[in-house]
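Below: the structure, in structure tokens.
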Amino acid sequence: IREEKVTDIGIEKTEERFDALYIMDLEEIDVENNVVTSSVQNIGVNLTAETLASRALNSSFAAVYFPDVFITDPNTMTNVQVPPSVVVLGAMALNDSVAYPWFAPAGFTRGALHRVIEAKVKLNRPNLDALYETDINPITEFPTNPDKHVIWGQKTLLAAASSLDRVNVRRLLIDVRRKVRKVADTFIFEPNRESTLARFSAAVNPILGRIQQQQGLERFKVQIDATT
């Protein structure tokens, strides 16, 4: 689903949840500045990037990738075209199996797309620069590895320069939020006393301690008291 109205709502609802990342598929634009609706249209990389930039999206809870790719359907054993979100979710699963959510799901180690046979658009260096400048994460191959497609970026759609303009940082905070919320649920009906807050704090510290050991944090401080 790529329509602007739908993807705008997708971003809005993901931000409301505050515990998820929206992998958004964008509308592609052809060389005549029309929305791509058929396989015979030639995609304009710069026009696609400019169209996304004109929407002035601003969210650390969404990330966009380009272009579509071809993979083999295991049921029919035929090659099918799929949007980037299909293989990007697979790359994130790979990332989390060999590392942790706070590692970058990009590059040859954790962003390798082993199922991709071909990208719909072959990207050159100017294309990569144009996409990355507009917060679009390219899916590409390099002459040194012509048969290996990789995700070559991990930007969110956050407009301002910040640590949250990186996918791995947003995923770190999502992971922390989910784990702390799970602990917090066990304290919902407990008396609002210092002893309860101390127990809550004691339960949260090990969570962040483990993430620190797994290179997700350099340092942290847990503050759960009357001020919070």
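The values are calculated or read from the model by the stated rules, or taken from the named source; none is laboratory data. Fair warning: this is a prediction, and the values are worked out from it, not measured in the lab. Neighbour counts are summed over all protein chains in view; Cβ atoms, including those assigned to glycine, are modelled from backbone coordinates with ideal geometry. SASA here: full protein model, heavy atoms, side chains in, ligands and nucleic acids out. Shrake-Rupley method; radii C 1.70, N 1.55, O 1.52, S 1.80 Å.
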Next item on the list: Working only within region 121-155, note down all residues that are charged (D, E, K, R) and part of a loop (DSSP other than H, G, I, E, B).
Entry: LYS122, ASP135
Notebook entry, point to check: Which pairs have Cβ atoms under 7 Å, sit 6 or more apart or on different chains, and link a residue in region 188-199 that is within 12 Å of THR228 (Cα to Cα) to one that is surrounded by 12 or more Cβ atoms within 10 Å (Cβ to Cβ)?
Noted result: LEU197/ILE224
Next item on the list: For region 123-133, indicate whether the set of residues that are touching a Phe, Trp or Tyr at 6+ places or on another chain (Cβ under 6 Å) and either free of Cβ contacts under 8 Å to residues at least 12 places away in the same chain or open to solvent by 20 Å² or more (accessible area, probe 1.4 Å) (or both) is non-empty.
Entry: no
Next item on the list: Scan GLU50, GLU32 and give me the residue that is among the acidic types (Asp, Glu) and either open to solvent by less than 70 Å² (accessible area, probe 1.4 Å) or within 21 Å of the chain's Cα centre (by Cα) (or both).
Entry: GLU50
Item checked: The lone exception for GLU194 - which of (1) closer than 23 Å to VAL69 by Cβ; (2) more than 22 Å from the chain's Cα centre (by Cα); (3) of a type outside the set (Phe, Trp, Tyr) it fails -> (1)
Next item on the list: Take region 156-167 and flag every residue that is open to solvent by 50 Å² or more (accessible area, probe 1.4 Å), out of contact with any Lys or Arg (no Cβ under 8 Å at 6 or more places or on another chain) and not in a loop (DSSP other than H, G, I, E, B).
Entry: SER163
Notebook entry, point to check: Quick check: is even one residue across region 144-155 within 30 Å of GLN81 (Cβ to Cβ), open to solvent by 60 Å² or more (accessible area, probe 1.4 Å) and touching an Asp or Glu at 6+ places or on another chain (Cβ under 7 Å)?
Noted result: yes
Item checked: Sole exception among (1) part of a loop (DSSP other than H, G, I, E, B); (2) of a type in the set (Lys, Arg); (3) surrounded by 20 or more Cβ atoms within 10 Å (Cβ to Cβ) for ARG171, by number -> (1)
Check: Picking from LEU57, LEU94, which residue would you name as being open to solvent by 20 Å² or more (accessible area, probe 1.4 Å), touching a Gly at 6+ places or on another chain (Cβ under 9 Å) and closer than 28 Å to GLU15 by Cβ?
Finding: LEU94
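Hey, does region 18-38 have a residue that's assigned to a helix (DSSP H, G or I), over 20 Å from ALA106 (Cβ atoms), touching a helix residue (DSSP H, G or I) at 6+ places or on another chain (Cβ under 6 Å) and touching a residue at least 40 places away in the same chain (Cβ under 8 Å)?
So far as region 18-38 goes, no, none of its residues is assigned to a helix (DSSP H, G or I), over 20 Å from ALA106 (Cβ atoms), touching a helix residue (DSSP H, G or I) at 6+ places or on another chain (Cβ under 6 Å) and touching a residue at least 40 places away in the same chain (Cβ under 8 Å).
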